[in-house]
Amino acid sequence: MSIQVQAIQHAFHGQTVLDDLNLTIEPNKIYGLLGRNGAGKSTLLNIISSRIFANSGSVTMDDQPMQDNDSTLGKLYLMSEVNLYSERSRIKQLFHTTALFYGDFDFAYAAKLADSFGLDTNARFGKLSTGYRTICKLIIALCVPADYIFLDEPVLGLDANHRELFYQELIETYSDNPRTFVISTHLIEEVANLIEHVFVLDEHRLTLDGDVSDILTQAYTITGPATDVIAYTQGLNVIGEDHLGGITAHYVYGSLNDDRPLPDTVTVEHLDLQKLFVNLTNTKKEAATHVN
Amino acid sequence: MQFNFNSTEPIYLQVADQIEEAIFTETFAEGEQIPSTTEISKEFHINPATVLKGMNILVDNQLIEKRRGVGMFVIASAQSRIVAKRRDQFYTDYVKKLVSEARKLHITQAELAQLIERGFSES
Amino acid sequence: MSTKVRTTTRYLLTEQLKLLGWALLAVVMIMVIIPLLFSLVTGNISNYSFTGSISNLALGVLFFFFIFIIESLTYDNFKLLIQNGISRRTYWQARVNTVVLLSLIGTILAFIYAYGVHAPLNHLSSNSILLDALHGPYVYFFGNNLVLGILVGMLLTWIFFIGTGLTGMACGSLLALFSKWIQRLLVIVVPVLGAFLLGFMISASDHQQTNYNFDGLVTVFKFLFGFPLHGNPKMGYLNPTMPVITMLIGCAIMGGLAYLFNRKLKIKN
């Protein structure tokens, strides 16, 4: 039971979007899919859900190819940034249409969510603001009976209260009925503790793929006087640095050299997910301006 | 219960620490039910698996127990167990640090003893 | 037929029947109610004839345009279905099923109207309107019987509508591959070019200019539609096998093209 993405290669107008990408999405886990603008997050989700076809590579669910395959596509719901619902449709019609094609729909939960978010289900989709379109799509995503729910930018246009409500409802429905969620977002801090496993896309490749807690135990900030810090991190995987007055911080991803004595002047702390992401995905140019 | 998630300690350890602290201060009394995994997850946006990992540390340390179909409860002897543990650690966690800091500040042993006496009399 | 294909077919057919209902209502409004209002306003109510306006709606011709246009609409349903986990292949299969079913419904409606409303109100014999129709040349091939003739006519009409619907589907799927701007351009330019070409061919053949000889083309068409290559055709008694084969091959080509274009459909921003 899992979705396997193997050796996916995709180019658009001659520009590489994804390059030899491999990953596995397991049942009943909450994943974070992180990447900078244009890193290929939406393209990846679109390829997995067969909305676009990759130039090469394969996507399978339980060893069945997913390309143009109803039986696997019916177990997956992708809430995309692009609005695919007709502007003329009323919200409750959309609920019924979803029920028709997915075979079922949690109408009671949808009504409860619509009430909490203040969404009028008699309104037409086209009349909604950006935030409420997102809310409408989110409600459908949380009520559809699919094993794999992909949420591309799930909090786009949502205010802080609605985001809070969404995260709570996500955990609630996940606890009641465990299934897989893949959340693609730029608001890393808000989901950092929510996701169990993280994928980071950078430069068309997967630069990070692992359990969040495992990854964070290997991410360090080494702070202290420049010479001491440089001496200590010599040969380690330094992914970024910051300077403030005489204090230097080196960000390290990977194991530290335990044989090396830690000078009294230097402190070692763990990095949080957002800081790790920023340093991993900074381009060289941005890193240079950051230093100055 | 108050959680403070700005620290860089792994979240599951923080969950365990915070619940332990709540049992120690008797916010969760012995024999009482503590909030469910889902409740804690929802409130603090933490993955339920992470919360469960934290709770399992406390189960292993015999501070809480799972009652099937009901939830997690504080074990009768949990508070005294925490007190005993913290007494054991008091010397390394507090006294050693106190003395080391006092040395840096050139506070003599006699002066430190005086300060401790003052602390007891004022509180 | 898989459940998904059945569900999708039912969904598409329901949507299209709703539109057919609206289209019929619009036709009745335009052909019956508006002339009535017009005569009321101008005071010529005595000149208005309800039976006159209701008896000449040419439902068959209207349905021909309707099914072409309705089946050409591609992208809106595509995006809804892809959002709901329906594959392109299933969408195509369901569309073909819908064309077949909707054509049958259209055929039945057109025939009921022709023989139940149009013929009696205009005091025409069923035999004469049967022979006057596009399928007229073939209807009595299996026997000189009106009911049998009407059934043959219905069968030919049904296949013809299926072909029309599939052609609409192929055109619409092709259009859906282009951007909105190019779509508009094609929708305007292609019919204009077609009209020019047709006009040119008609005028060229009318003037019997020696430079252009359409005899070969005429022979091909005669062959494709089962007309005798030499001598006068015996109208009403021609063999329908050739036109059926021709139409079925046309259906297969259009369905195949629609399938190919359908596979290329993409989500647009």
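The values are calculated or read from the model by the stated rules, or taken from the named source; none is laboratory data. Just so we're clear, the structure is a prediction, and the values are computed from it rather than from any experiment. Cβ atoms come from the backbone with ideal geometry, glycine included; neighbour counts cover every protein chain shown. The accessibility values were calculated without ligands, DNA or RNA, using every heavy atom of the protein model including side chains. Shrake-Rupley method; radii C 1.70, N 1.55, O 1.52, S 1.80 Å.
Annotations for the structure displayed:
- Selection within region A:130-159 - part of a loop (DSSP other than H, G, I, E, B) and either closer than 27 Å to C:THR3 by Cβ or open to solvent by 50 Å² or more (accessible area, probe 1.4 Å) (or both): A:VAL144, A:PRO145, A:ALA146, A:ASP147, A:LEU156, A:GLY157, A:ASP159
- Against the numbered list (1) outside any helix (DSSP H, G or I); (2) open to solvent by less than 50 Å² (accessible area, probe 1.4 Å); (3) not aromatic (Phe, Trp, Tyr), C:ILE82 comes up short only at (1).
- Residue within region A:29-43 that is surrounded by fewer than 16 Cβ atoms within 10 Å (Cβ to Cβ), touching a Phe, Trp or Tyr at 6+ places or on another chain (Cβ under 9 Å) and in the same structural domain as A:LEU206 (by TED's automatic domain parsing) present: no
- Output for region B:33-67, where each listed residue is of a type in the set (D, E, K, R) and either in contact with a Phe, Trp or Tyr (Cβ under 7 Å, 6 or more places away or on another chain) or within 14 Å of chain A (Cβ to nearest Cβ) (or both): B:GLU39, B:LYS42, B:GLU43, B:LYS53, B:GLU65, B:ARG67
- Filter result for A:TYR148 (under 22 Å from C:GLY85 (Cα atoms), in the same structural domain as A:LEU45 (by TED's automatic domain parsing) and hydroxyl-bearing (Ser, Thr, Tyr)): yes
Conditions tested, residue by residue: (1) under 29 Å from A:ALA110 (Cβ atoms); (2) open to solvent by 30 Å² or more (accessible area, probe 1.4 Å); (3) within 9 Å of chain B (Cβ to nearest Cβ).
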site	(1), (2), (3)
A:GLU172	yes, yes, yes
A:ASN177	yes, yes, no
A:ILE188	yes, no, no
A:GLN218	no, yes, no
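- Scanning region A:151-162 for residues that are more than 11 Å from every other protein chain (Cβ to nearest Cβ) and of a type in the set (Val, Ile, Thr) turns up at least one hit.
- Residue match in region A:269-276 (condition: farther than 30 Å from A:ASN28 by Cβ and modelled with pLDDT of 90 or more): no
- With respect to (1) without any contact (Cβ under 8 Å) to a residue 40 or more places away in the chain; (2) more than 8 Å from chain C (Cβ to nearest Cβ), the lone exception for A:PHE95 is condition (1).
- None of B:GLU26, B:GLU20, B:GLU30 is touching a residue at least 12 places away in the same chain (Cβ under 8 Å), away from chain A (no Cβ under 14 Å) and under 25 Å from A:GLU269 (Cβ atoms) except B:GLU20.
- Qualifying positions in region A:86-115 - surrounded by 15 or more Cβ atoms within 10 Å (Cβ to Cβ) and more than 29 Å from C:ARG10 (Cα to Cα): A:LEU113
- Of residues in region A:190-202 being touching a residue at least 60 places away in the same chain (Cβ under 8 Å) and over 17 Å from B:LEU52 (Cβ atoms), the one farthest from the other protein chains (Cβ to nearest Cβ): A:ASP202
- Matching residues, region A:203-213, being out of contact with any Ser or Thr (no Cβ under 6 Å at 6 or more places or on another chain) and either farther than 17 Å from B:LEU13 by Cβ or facing chain B (nearest Cβ under 9 Å) (or both): A:GLU203, A:ARG205, A:LEU206, A:THR207, A:LEU208, A:ASP209, A:GLY210, A:VAL212, A:SER213
- Residue selected from region C:134-191 under the condition among the polar types (S, T, N, Q) and under 14 Å from the mean Cα position of the chain (by Cα), by the criterion farthest from C:GLY60 (Cα to Cα): C:THR167
- Counting only helices (runs of 4 or more DSSP H) that sit completely within region B:1-110, those holding 3 or more residues that are open to solvent by less than 50 Å² (accessible area, probe 1.4 Å) and more than 27 Å from A:GLU169 (Cα to Cα) correspond to B:78-90.
Condition check ((1) over 30 Å from A:ILE149 (Cβ atoms); (2) modelled with pLDDT under 85) across all residues:
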| position | (1), (2) |
| --- | --- |
| C:LEU20 | yes, no |
| C:LEU25 | yes, no |
| C:TYR48 | yes, yes |
| C:SER53 | yes, yes |
| C:ASN56 | yes, yes |
| C:PHE78 | no, no |
| C:GLN83 | no, no |
| C:GLN93 | no, no |
| C:VAL96 | yes, no |
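- Any helices (runs of 4 or more DSSP H) falling wholly within region C:1-54 and containing at least 2 residues that are in contact with a Phe, Trp or Tyr (Cβ under 9 Å, 6 or more places away or on another chain) and among the β-branched types (Val, Ile, Thr): C:3-28
- Every condition in (1) in the same structural domain as A:MET79 (by TED's automatic domain parsing); (2) open to solvent by less than 50 Å² (accessible area, probe 1.4 Å) holds for A:HIS250 except the one numbered (1).
- Filter result (open to solvent by 20 Å² or more (accessible area, probe 1.4 Å) and free of Cβ contacts under 8 Å to residues at least 40 places away in the same chain) within region A:220-231: A:ALA226, A:THR227, A:ASP228, A:ILE230, A:ALA231
- The single condition from (1) open to solvent by less than 60 Å² (accessible area, probe 1.4 Å); (2) over 30 Å from C:ALA176 (Cα atoms); (3) among the charged types (D, E, K, R) that C:ASP132 fails is (1).
- With respect to the stated conditions, A:LEU23 fails to be crowded, with 23+ Cβ neighbours inside 10 Å, touching a Phe, Trp or Tyr at 6+ places or on another chain (Cβ under 8 Å) and more than 14 Å from every other protein chain (Cβ to nearest Cβ).
- Test for A:THR227: is it on the phi < 0 side of the Ramachandran plot, of a type outside the set (D, E, K, R), assigned to a helix (DSSP H, G or I) and away from chain B (no Cβ under 14 Å): yes
- The residue of region C:85-128 that is surrounded by the most Cβ atoms within 10 Å (Cβ to Cβ), among those that are within 14 Å of chain A (Cβ to nearest Cβ) and of a type in the set (Phe, Trp, Tyr), is C:TYR91.
- Enumeration of residues in region A:50-86 that are at pLDDT 90 or above, under 30 Å from A:LYS127 (Cβ atoms) and more than 8 Å from chain C (Cβ to nearest Cβ): A:MET79
- Only residues that are in a strand (DSSP E or B), surrounded by fewer than 23 Cβ atoms within 10 Å (Cβ to Cβ) and of a type outside the set (Val, Ile, Thr) were counted in region A:200-216, giving 7.
- C:VAL96 meets all of the listed conditions (1) under 18 Å from the mean Cα position of the chain (by Cα); (2) part of a helix (DSSP H, G or I); (3) farther than 30 Å from A:ILE47 by Cβ but one, namely (3).
- Any chance C:LEU166 is within 30 Å of C:ARG89 (Cβ to Cβ), open to solvent by 60 Å² or more (accessible area, probe 1.4 Å) and in contact (Cβ under 8 Å) with a residue 24 or more places away in the chain: no
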